[in-house]
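Worksheet for the structure shown next.
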Amino acid sequence: QVQLVESGGGLVQVGGSLRLSCAASGRIDQIDFMAWYRQAPGKQRELVAAITSGSNTNYADSVKGRFTISRDNAKSTVYLQMNNLKPEDTAVYHCYARVGPRVSWGQGTQVTVSS
């Protein structure tokens with residue numbers, strides 16, 4: 001099973017930027033689908049951005065134009081570049097990977113946007 005470790009979260013002011021990283025054990029080029037989800041207190045986990053093995057991407061409407069997901073197969077890492085952050089982006093961000101029927105989750109990294 002793929003192991004995922006996120007990093008890059010932190011405290012940022014409104015309008016600021018952060019880049020999250022998700023390091024995967026093994027070769028992520030064998031992973032069908034990777035994504036970033038987030039969960040705010042009292043809310044359900046929601047999909048933020050996704051990228052396929054063919055590098056097709058998909059974004060939640062709330063982050064389109066502000067967030068960019070990318071992958072570096074050589075480094076076995078997926079990134080989430082987050083610009084123009086808003087208070088409603090505050091959440092724990094989790095990395096997700098799927099290889100066939102198997103899925104893996106990272107432990108999460110906290111992003112807090114202060115106004």
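The values are calculated or read from the model by the stated rules, or taken from the named source; none is laboratory data. What you see is a predicted model; the values in this text were computed from it and never measured. Positions of Cβ are backbone-derived with ideal geometry, glycine not excepted, and every protein chain shown enters the neighbour counts. Side chains included, ligands, DNA and RNA excluded: accessible areas come from the protein's heavy atoms. Shrake-Rupley method; radii C 1.70, N 1.55, O 1.52, S 1.80 Å.
Listed by first and then second residue, the pairs with beta-carbon distance under 6 Å, at least 6 apart or on different chains, first residue in the stretch 97-115 and at positive phi and surrounded by 15 or more Cβ atoms within 10 Å (Cβ to Cβ), second at pLDDT 95 or above and in a strand (DSSP E or B), are G108/V92; G108/H94.
I'd like the residue in the stretch 68-87 that is free of Cβ contacts under 8 Å to residues at least 24 places away in the same chain and either surrounded by fewer than 14 Cβ atoms within 10 Å (Cβ to Cβ) or not small (G, A, S) (or both) and, out of all such residues, is farthest from G26 (Cα to Cα). Once the filter is applied, the top-ranked residue is T68. Of all residues in the stretch 1-38, those satisfying the criterion of being over 10 Å from the mean Cα position of the chain (by Cα) and open to solvent by 70 Å² or more (accessible area, probe 1.4 Å) are Q1, Q3, V5, L11, Q13, V14, R27, Q30. Filtered by the rule that a residue be outside any loop (DSSP other than H, G, I, E, B), closer than 17 Å to A74 by Cα, in contact (Cβ under 8 Å) with a residue 60 or more places away in the chain and of a type in the set (A, V, I, L, M, F, W, C), the stretch 21-44 gives C22, A24, I28, F33, M34. When every residue of the stretch 71-81 is checked against the conditions, at least one turns out to be assigned to a loop (DSSP other than H, G, I, E, B) and either at pLDDT 95 or above or touching a strand residue (DSSP E or B) at 6+ places or on another chain (Cβ under 6 Å) (or both). Looking for something closer than 20 Å to R102 by Cα and among the β-branched types (V, I, T) - is there at least one such residue anywhere in the stretch 22-29? Within the stretch 22-29, one or more residues are closer than 20 Å to R102 by Cα and among the β-branched types (V, I, T).
Is it fair to say V103 is more than 17 Å from S7 (Cβ to Cβ), of a type in the set (V, I, T) and modelled with pLDDT under 95?
Spelling it out, V103 is indeed more than 17 Å from S7 (Cβ to Cβ), of a type in the set (V, I, T) and modelled with pLDDT under 95.
The single condition among (1) assigned to a strand (DSSP E or B); (2) out of contact with any strand residue (DSSP E or B) (no Cβ under 9 Å at 6 or more places or on another chain) that G54 does not satisfy is (1).
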